[in-house]
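Read through the structure below, which is laid out as structure tokens, and then see the notes.
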Amino acid sequence: MEDAVNQDLVFLELRRKLQSGILFISSDIAGDGADVKVESKHDSLLNIQTADGSYQVNSTPGVSVVETSRQRSPGSSEHGSLFRLRLRVEQESEAPCSVIGRLRVNVSYSFQCQSCGSMVLQDRAFGRVLPLPNGNWNALVDDWCCHPDPFANRKLLPRDGDCLLGDTFILLARDISCEQTLTREGSLSQKASAEKGVSKRVMLSCTSCSAVLGEELSAEVLKFYITEILVKPGEDGGCDITRLSLEPKSDSIRQRFLEQTVASRLVELSSAQSIFRFSIQTPDSTAVILLWLLNTDTLVASFPGESFISTGDVHPREHQSCQAVQAVKVLYVLCSDSNLKDVVDVWEKDISVHPLPLPQSSCEEIQKLLMSSTFRLPAFLRCMNSYQVAYMRM
């Protein structure tokens, strides 16, 4: 990725709980920063005035700027100007829930393929919606029990009318409605294991588009990953509880869905279980990304460089506007980076690192999302020690 194409010319990060923020303006439009003014307007509107034009950021209600001071960041003078902001936060807005955080008993739901929107399961209502133990529960059994592991070789599976919630998946009992909508196929990556006596993984794909949606754990139990399905209450076919459009199906819609789903789930896990370090891995436990959740109270807004291409107007950059959105700030390491093998080895041995299994394709998509976010940041804000910095919108 080329910096000139991807880097944002204006980048804003606001921390609501700390009531502070940073504003970076590229030297392309800020010059030496002497003529830059930042002030709050009505209705949480932040106005950024430069010699080259004005930029407006619509923040969430109740967030406004109290004071602005210009500060040069070490080594950043050639890139642009950095400002420190003091905020006034009058109210907090709640982060959107993931599918796992929204499923309820005695409500009829329909399940759809996120890739093509086709119906997979229809009119499913649950008498019980129960959370499964977290991903590391088995490693802690010795601390809970005074006798040999009573759970050895036993799986927690749903009965008819149950919905069991994992960290990144849901378990449902199979019914006849999915016979025509799901295709079973063996996972090629598991053939070697099968030859050694380990059961081959059976993947579940959408019949319409062949997208992998989950796995078949047994003849009676289905496992769906939350990154691959959309869930809608049956009473209101137009109300998607993920709050995203089902209309196809551009890459940007898929990326936005994936970004929101993963970010929301990270916030839920960190809030409920005080977990902040995660290993995003494939279903066969191969780690792909090590991710450290830093901030969950962040608002971000940016003006990408490509939005300022002149269309013949005299003042093409006058009154550019964008919306500040909720996001999480993360540090991450790609496990494929051989230069960071020592970091990866330490994380893999640490029991406090929480595994988040996802399909191989979703792991690769998340990797691209994180890298894209990193490369859009000003160069001196992209790294923290051995880790890359990224933002995931909710």
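Do any residues in the stretch 252-263 that are without any contact (Cβ under 8 Å) to a residue 60 or more places away in the chain have Cβ atoms under 8 Å from those of residues that are of a type in the set (A, V, I, L, M) and surrounded by fewer than 20 Cβ atoms within 10 Å (Cβ to Cβ), where the two are at least six apart or on different chains, and which pairs are they?
ILE253/LEU244
Which of the following residues is modelled with pLDDT under 90, hydrophobic (A, V, I, L, M, F, W, C), surrounded by 15 or more Cβ atoms within 10 Å (Cβ to Cβ) and within 25 Å of LEU45 (Cβ to Cβ): ALA327, ALA301? Show your work before the answer.
Details: ALA327 fails: modelled with pLDDT under 90.
When all the criteria are applied, what remains is ALA301.
Going through the stretch 131-183 one residue at a time, which ones are of a type in the set (Asp, Glu), open to solvent by less than 70 Å² (accessible area, probe 1.4 Å) and modelled with pLDDT of 85 or more?
Of all residues in the stretch 131-183, those of a type in the set (Asp, Glu) come to 142-143, 149, 160, 162, 167, 175, 179.
Going one step further and asking which of them are open to solvent by less than 70 Å² (accessible area, probe 1.4 Å), we end up with 149, 162, 167, 175.
Scanning the stretch 131-183 gives ASP162, ASP167.
Among the listed residues LEU45, LEU82, which satisfies the condition of being at pLDDT 75 or above and either open to solvent by 10 Å² or more (accessible area, probe 1.4 Å) or closer than 15 Å to LEU299 by Cα (or both)? Give the steps one after another, and end with the answer.
On the way: LEU82 fails: either open to solvent by 10 Å² or more (accessible area, probe 1.4 Å) or closer than 15 Å to LEU299 by Cα (or both).
Within the list LEU45, LEU82, the selection yields LEU45.
For the subset of the stretch 188-225 comprising residues that are of a type in the set (A, V, I, L, M, F, W, C) and part of a loop (DSSP other than H, G, I, E, B), which member is modelled with the lowest pLDDT? Step through it out loud before you land on a result.
In the first step, residues of the stretch 188-225 are kept if they are of a type in the set (A, V, I, L, M, F, W, C); the result is 188, 192, 194, 198, 202-204, 206, 209, 211-213, 217, 219, 221-222, 224.
From what's left, part of a loop (DSSP other than H, G, I, E, B): 198, 209, 211, 217, 219.
Values: VAL198: 49, CYS209: 89, ALA211: 89, LEU217: 88, ALA219: 86.
Only one residue tops the list, namely VAL198.
Can you tell me which residue is least open to solvent (accessible area, probe 1.4 Å) among those in the stretch 87-106 that are at pLDDT 85 or above and assigned to a loop (DSSP other than H, G, I, E, B)?
Once the filter is applied, the top-ranked residue is LEU103.
Any chance the stretch 264-274 includes a residue that's modelled with pLDDT of 90 or more, more than 18 Å from LEU171 (Cβ to Cβ), among the aliphatic types (A, V, I, L, M) and open to solvent by less than 20 Å² (accessible area, probe 1.4 Å)?
Yes, the stretch 264-274 contains at least one residue that is modelled with pLDDT of 90 or more, more than 18 Å from LEU171 (Cβ to Cβ), among the aliphatic types (A, V, I, L, M) and open to solvent by less than 20 Å² (accessible area, probe 1.4 Å).
What residue, among those in the stretch 1-42 that are open to solvent by 20 Å² or more (accessible area, probe 1.4 Å) and at pLDDT 85 or above, is nearest to the chain's Cα centre (by Cα)?
ARG15
The rows are residues; the columns are (1) surrounded by 13 or more Cβ atoms within 10 Å (Cβ to Cβ); (2) in a loop (DSSP other than H, G, I, E, B); (3) modelled with pLDDT of 90 or more.
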position	(1), (2), (3)
SER285	no, yes, no
ASP313	no, yes, no
CYS322	yes, no, no
ASN339	no, no, no
PHE380	yes, no, no
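May I ask you to verify whether LYS368 is surrounded by fewer than 17 Cβ atoms within 10 Å (Cβ to Cβ) and either part of a strand (DSSP E or B) or at pLDDT 90 or above (or both)? I'd like the intermediate steps shown before the answer.
Details: surrounded by fewer than 17 Cβ atoms within 10 Å (Cβ to Cβ): yes; either part of a strand (DSSP E or B) or at pLDDT 90 or above (or both): yes.
Yes: the conditions hold for LYS368.
Hey, could you check the stretch 231-263 for residues that are modelled with pLDDT of 65 or more and in contact with a helix residue (DSSP H, G or I) (Cβ under 8 Å, 6 or more places away or on another chain) and say which is most open to solvent (accessible area, probe 1.4 Å)?
Within the stretch 231-263, the first condition is being modelled with pLDDT of 65 or more, and the residues that meet it are 231-234, 251-263.
Remaining after also requiring in contact with a helix residue (DSSP H, G or I) (Cβ under 8 Å, 6 or more places away or on another chain): 231, 254-255, 258-259, 261-262.
On the way: VAL231: 0, ARG254: 32, GLN255: 92, LEU258: 1, GLU259: 17, THR261: 14, VAL262: 14 Å².
The qualifying residue most open to solvent (accessible area, probe 1.4 Å) is GLN255.
The values are calculated or read from the model by the stated rules, or taken from the named source; none is laboratory data. Nothing here was measured: the structure is a model prediction, and the numbers come from that model. Glycine gets a Cβ as well: all are built from the backbone with ideal geometry, and neighbour counts include every protein chain shown. All accessible areas refer to the heavy atoms of the entire protein, side chains included, with ligands and DNA or RNA removed. Shrake-Rupley method; radii C 1.70, N 1.55, O 1.52, S 1.80 Å.
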